[in-house]
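All of the numbers you see were taken from the coordinates with simple rules; none came from a lab. Everything numeric here is computed off the predicted structure, so don't read it as measured data. All Cβ positions, glycine included, derive from the backbone under ideal geometry; neighbour counts span all protein chains shown.
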Amino acid sequence: RLDPLALYRLYPCFGAPLFSQLAQGADREYASKPSRNSPMIYLNDHLDLLDVEHALSLLSEQRRQQALAFKHDLGRRTCVAAYLLLCEGLQREFGIMEPPVFSYGEHGKPFIVGHPDICFNMSHCREAAICVIDSRPVGVDIESMRGYREALVRHTMSDDELLQIGQSANPELE
């Protein structure tokens, strides 16, 4: 189980008809909503409850083809879940009911056709999918927690970061 509140300022809103169709009892709603100046972050950490076959019928043809291109169920499931979070956010925040279609900028960043003023980013890992939506460029990343590997830490961290980790009471979480 992820503890996303430790990593992200979350304002997800689950429970709309879209999600209740896909995962009975899996959704929860967070009551607080930000001002319109804050990004909205939507999280689904109940990927195992997602009815992928039904969800595929809710996707744009473009995203359905992307999802079906995954060889394994997990890739298909996370691709679908991230997109549905974007759909949920677009419905709640902007009243956009049609599934978004993407075009891609020169560096490969997707944008929503017909809505260049809406910025978003999606990420997923084995346990969850996340999406952030705002009127400004935004980014989000979510990763699976893995075991602490000293060799990897020494390879990827700066000297200052290594010092901070070494002084930590719990370096696995640092």
*For the range 62-77, just list the computed ³J(HN,Hα) in residue order, Karplus coefficients 6.51, -1.76 and 1.60, θ = phi - 60°, integers in Hz, with x standing in for Gly and Pro.*
4, 6, 4, 5, 4, 5, 5, 6, 6, 6, 10, 4, 4, x, 5, 4
_Cβ-based net charge around Ser57, under 13 Å, with every Lys or Arg adding one and every Asp or Glu removing one_ = -1
*Go through the range 43-136 and name the chymotrypsin sites (Phe, Trp or Tyr not before Pro) that are in a DSSP coil and have 16 or fewer other Cβ atoms within 10 Å of their Cβ.*
Phe70
*Classify the range 45-174 as rounded, prolate or oblate from the Cα gyration tensor: take a ≥ b ≥ c as the square roots of its eigenvalues, call it rounded if a/c is under 1.5, otherwise prolate when a/b beats b/c and oblate if not.*
prolate
*Calculate one ³J(HN,Hα) per residue across the range 141-148 by plugging θ = phi - 60° into the Karplus curve 6.51 cos²θ - 1.76 cosθ + 1.60, and present them in order as whole Hz with x for glycine and proline.*
9, 9, 10, 6, 6, 10, x, 5
_Summed residue charge, Cβ within 10 Å of Phe102's Cβ, Lys/Arg positive, Asp/Glu negative_ = +2
